[in-house]
Amino acid sequence: MTALRVTRRTALAALAAGVVAPALAQASAQARVPSRGFALPDWLAATPREPAPALLDRLRALGFETIRLPVDPTFVSPATLGRIAAVLATVTAHGFNAILDLHPGGDIDSDQIQLCWRLLAPVVAATDPDRVYAELLNEPPLAPRAWDNLRESLVEIVRTATTNHTVIWGPARVQGIWELDATGPLADANSIVAAHYYTPMLFTHQGETWDPNPLARMHNLPFPLSPDMPEITALAATLDAADRRYLEAELKTAWTAARIAGDLATLAAWAKAHGTPALLGEFGVLDFAVDPQSRARWVRVVREAAEANGIGWTYWEADQGFGFVADRAAAGGIDAGMVEALLA
């Protein structure tokens with residue numbers, strides 16, 4: 001996504017005591033796939049939002065293992081490389097894996113993206129290859145063939161600096177699982193394919209505020225979700241004709257745990273067929289207009305489906321609209337229900 005994934009009593013006890021949850025069991029071929037992660041947007045930014053060290057320690061103690069670090073290409077320059085290196089060092093010093101994610105906030109220029117990796121690759125090369133990953137480009141806004149060509153160039157650039165670090169890539173344009181067949185596998189044995197999952201958007205993005213579309217008027221939709229639910233009838237009564245048509249079109253069939261499991265199995269099958277480990281690089285639910293139980297239920301279903309298929313995961317994101325932390329500048333305010341859904 002472009003910047004603007006036990007019982008409840010057990011989860012609460014873990015928050016209080018810092019219990020570490022068991023690590024994700026992975027096949028040997030996927031031993032280096034990062035998992036149990038979350039994104040921290042805006043740490044690598046002109047006006048950085050730095051997390052409290054105590055918060056990082058607490059999240060690591062709870063069982064999180066990976067931090068994805070989005071960085072906009074406009075931030076990358078010779079003058080900022082020291083800061084980027086310092087943040088990577090901070091993340092690993094707190095016991096996390098780090099994913100350095102080149103994450104444009106708008107249109108891209110292929111030459112600029114290549115220049116970014118010429119600058120970033122030596123920074124990555126100076127880190128522990130078992131702890132730091134290079135994510136080539138978030139949600140590549142290109143036609144598949146154009147992305148294939150740019151992707152190959154980016155890998156060549158990274159490999160001039162390091163052959164040991166794992167690179168992460170995803171299909172154009174939004175890294176949907178359905179887009180994988182239009183993008184061939186990467187001819188690099190030390191690589192991971194990453195998909196994003198926000199399906200159904202009707203549920204995960206209800207109440208969104210940044211685009212003028214019907215999702216802004218959707219609210220109180222539960223999960224699981226089916227057309228005959230009373231919540232659908234109640235919502236439809238508040239909508240105009242255009243928004244009702246949107247609701248009906250998006251909800252022709254039910255959304256259940258089994259349907260989501262099928263989608264993640266499709267990702268796993270593609271990865272197996274191409275000999276490429278897989279990562280669910282983003283998934284999440286906005287907290288603007290959804291009940292907390294449904295939100296946590298969807299997150300658990302997606303996370304468990306990923307793990308059941310040997311897929312690593314990083315949740316989008318820690319403390320903004322999709323997040324589970326009230327304030328990254330403090331160690332408190334962690335949503336126990338979301339932690340339970342992600343880790344228990």
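The values are calculated or read from the model by the stated rules, or taken from the named source; none is laboratory data. This structure is a prediction, so every number in the text was calculated from the model and none was measured. Cβ: placed from backbone, ideal geometry, glycine included. Neighbour counts: every protein chain shown.
Per-residue answers, yes or no, for (1) touching a His at 6+ places or on another chain (Cβ under 8 Å); (2) β-branched (V, I, T); (3) modelled with pLDDT under 95; (4) crowded, with 18+ Cβ neighbours inside 10 Å:
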position	(1), (2), (3), (4)
T10	no, yes, yes, no
A21	no, no, yes, yes
Q26	no, no, yes, no
V33	no, yes, no, yes
E50	no, no, no, no
P78	no, no, no, no
A89	no, no, no, no
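Condition check for Q175 on (1) in a helix (DSSP H, G or I); (2) under 21 Å from G312 (Cα atoms); (3) not hydroxyl-bearing (S, T, Y): one failure, at (1).
A quick yes/no check of all residues on (1) touching a strand residue (DSSP E or B) at 6+ places or on another chain (Cβ under 8 Å); (2) closer than 24 Å to Y315 by Cβ; (3) of a type in the set (G, A, S); (4) part of a loop (DSSP other than H, G, I, E, B):
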{"residue": "A89", "(1), (2), (3), (4)": "no, yes, yes, no"}
{"residue": "G105", "(1), (2), (3), (4)": "no, yes, yes, yes"}
{"residue": "D111", "(1), (2), (3), (4)": "no, no, no, no"}
{"residue": "R118", "(1), (2), (3), (4)": "no, no, no, no"}
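Is there a residue being of a type in the set (A, V, I, L, M, F, W, C) and under 20 Å from V174 (Cα atoms) anywhere in segment 324-344? No, there is no match, as no residue in segment 324-344 is of a type in the set (A, V, I, L, M, F, W, C) and under 20 Å from V174 (Cα atoms). Could you list, in sequence order, all residues of segment 130-145 that are touching a Ser or Thr at 6+ places or on another chain (Cβ under 8 Å) and in a helix (DSSP H, G or I)? Result: P144, single match. With respect to the conditions (1) in a loop (DSSP other than H, G, I, E, B); (2) at negative phi, L235 falls short on a single one, namely (1).
Any idea which of N149, N164 is surrounded by fewer than 18 Cβ atoms within 10 Å (Cβ to Cβ) and in a loop (DSSP other than H, G, I, E, B)?
Within the list N149, N164, the selection yields N164.
Yes/no per residue for (1) outside any loop (DSSP other than H, G, I, E, B); (2) at pLDDT 95 or above; (3) under 30 Å from A216 (Cβ atoms):
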| site | (1), (2), (3) |
| --- | --- |
| L264 | yes, yes, yes |
| A268 | yes, yes, no |
| K272 | yes, yes, no |
| E282 | yes, yes, yes |
| V285 | no, yes, yes |
| S294 | yes, yes, yes |
| T314 | yes, yes, yes |
| Q320 | no, yes, yes |
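For segment 195-211, the condition holds for at least one residue, the condition being that it is surrounded by fewer than 14 Cβ atoms within 10 Å (Cβ to Cβ), of a type in the set (S, T, Y) and either at pLDDT below 95 or touching a Cys at 6+ places or on another chain (Cβ under 6 Å) (or both).
Would you check if G310 is more than 20 Å from G281 (Cβ to Cβ) and either at pLDDT 95 or above or crowded, with 19+ Cβ neighbours inside 10 Å (or both)? Answer is no for this residue.
Check whether at least one residue in segment 262-279 is of a type in the set (F, W, Y), crowded, with 20+ Cβ neighbours inside 10 Å and at negative phi, and report yes or no. Within segment 262-279, none of the residues are of a type in the set (F, W, Y), crowded, with 20+ Cβ neighbours inside 10 Å and at negative phi.
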